[in-house]
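Note sheet for the following structure.
The values are calculated or read from the model by the stated rules, or taken from the named source; none is laboratory data. All values reported here derive from a predicted model rather than from experimental measurement. Cβ: placed from backbone, ideal geometry, glycine included. Neighbour counts: every protein chain shown. All accessible areas refer to the heavy atoms of the entire protein, side chains included, with ligands and DNA or RNA removed. Shrake-Rupley method; radii C 1.70, N 1.55, O 1.52, S 1.80 Å.
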Amino acid sequence: MASKSVNITISTPLGDLQIYTDPKEQARAEKLIAETPSIMRNAYDRATEKFGNQLLRLVKKCLRTGTPPRGTYWDPHSANTIKRYGEHTLLNYTGQYLRSVQIVKQKNRTYVGIPTNLKKTRKGDRTSKRTLNQVAIMLEYGSRGGNLPPRPLWAPAFEQVGGKKVLKETIVRELRKEIRKYRNKEIRKYR
């Protein structure tokens, strides 16, 4: 089916406004509209991966070294904890937390965290009743009884890598790159 040119005249208080669309340009515009969801998905995926990798590097560094994100304080281990488990890096008793943190991509979202339902293991490969996510939440906010002080990692790490502002800027930057890439591909096609 051949495209027809569109030539519309609209009357306005300032006079007639004539709109003309070249059939070739109209087809390109329709194609862009059809491609927009994949352009946006590609940009979102790239941006969240870039931001997620920054967050992942920082979280792993904090877990490996036992030091909190900038501007955050973690209480040291209590004498009772040291007596029971010996000296060890804060938030890194068995190393499972550090090894389990990753970027997880699902259909419509990307997050940095721990896979759900992963059971916490103890020294000697004994399995805990708690999942590693539950342990991470307890470490982040402390325990209800107060015997485990909060040692926030995720919220301050997210802020240290730029928070919502930098995430949004990264998404916008990647969206612009995707649109430019699409536009350049279309320009080469029509030359």
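With a sphere of radius 12 Å drawn around the Cβ of ASN108, what net charge do the other residues whose Cβ falls strictly inside it have (Lys, Arg +1; Asp, Glu -1)? Mind dumping the intermediate values first?
Details: positive: ARG41, LYS105, LYS107, ARG109; negative: ASP45.
Net charge in that neighbourhood comes out at +3.
Taking only protein heavy atoms and a 1.4 Å probe, what accessible area per residue, in Å², does the stretch 64-175 have with all protein chains in place? Intermediate values should be presented prior to the final figure.
Numbers: 7470 Å² over 112 residues.
Ligands and nucleic acids excluded, the result is 67 Å² per residue.
Under the classification rounded if a/c is under 1.5, otherwise prolate if a/b is larger than b/c and oblate if not, where does the stretch 70-122 fall, given a ≥ b ≥ c as square roots of the Cα gyration tensor eigenvalues? Could the numbers behind the result be given before it?
Numbers: a/c = 3.80, a/b = 1.89, b/c = 2.01.
Taking the square roots of the gyration eigenvalues as a ≥ b ≥ c, the stretch 70-122 is oblate.
Using a 1.4 Å probe on the protein heavy atoms, what percent of the accessible area of the stretch 1-111 belongs to carbon and sulfur? Numbers along the way, then the final one.
Numbers: 4120 of 7810 Å².
The nonpolar share, carbon plus sulfur, comes to 53 percent.
Just want the answer: with Cβ charges of +1 for Lys and Arg and -1 for Asp and Glu, which residue in LEU132, VAL59, GLY71 is farthest toward the dipole's positive end in the chain?
Of the options given, the answer is LEU132.
Can you grab the distance from the C-alpha centre of the stretch 22-40 to the C-alpha centre of the stretch 68-110, Å, no decimals?
About 48 Å separates the Cα centre of the stretch 22-40 from the one of the stretch 68-110.
In µm²/s, what is D for the stretch 30-109 at 20 °C and 1.002 mPa s, where D = kT/(6 pi eta Rh) by Stokes-Einstein and Rh is the Kirkwood radius from Cα pairs?
Values: Rh = 15.8 Å.
The diffusion coefficient I find is 136 µm²/s.
In the calculated pair distance distribution of the chain, what percentage of Cα-Cα distances lie above 21 Å? Show your work: numbers first, answer last.
On the way: 11885 of 18145 pairs.
In whole percent, the long-distance tail amounts to 66.
Could you size up the charge dipole of the chain around its Cα centre, putting +1 on the beta carbon of Lys and Arg and -1 on that of Asp and Glu, and report it in debye to the nearest 20?
840 debye
Sort largest first and round to whole Å: the equivalent ellipsoid semi-axes of the stretch 137-191, each the square root of five times a Cα gyration tensor eigenvalue. Can you show the working numbers first?
Details: eigenvalues 434, 16, 6 Å².
Computed over the stretch 137-191, the values are 47, 9, 5 Å.
Can you flag which of LYS60/LYS107; LYS129/LYS165; LYS107/LYS189; LYS61/LYS164; LYS164/LYS185; LYS24/LYS177 are past 28 Å Cα-Cα? Show your work: numbers first, answer last.
Numbers: LYS60/LYS107 25 Å; LYS129/LYS165 38 Å; LYS107/LYS189 31 Å; LYS61/LYS164 21 Å; LYS164/LYS185 31 Å; LYS24/LYS177 24 Å.
Cα-Cα > 28 Å for LYS129/LYS165; LYS107/LYS189; LYS164/LYS185; rest within.
Give a residue-ordered list of calculated ³J(HN,Hα) values for the stretch 85-98 (Karplus: 6.51 cos²θ - 1.76 cosθ + 1.60, θ = phi - 60°; whole Hz; x for Gly, Pro).
Karplus values, whole Hz, x for Gly and Pro: 10, x, 5, 7, 5, 4, 6, 9, 6, 9, x, 5, 4, 4.
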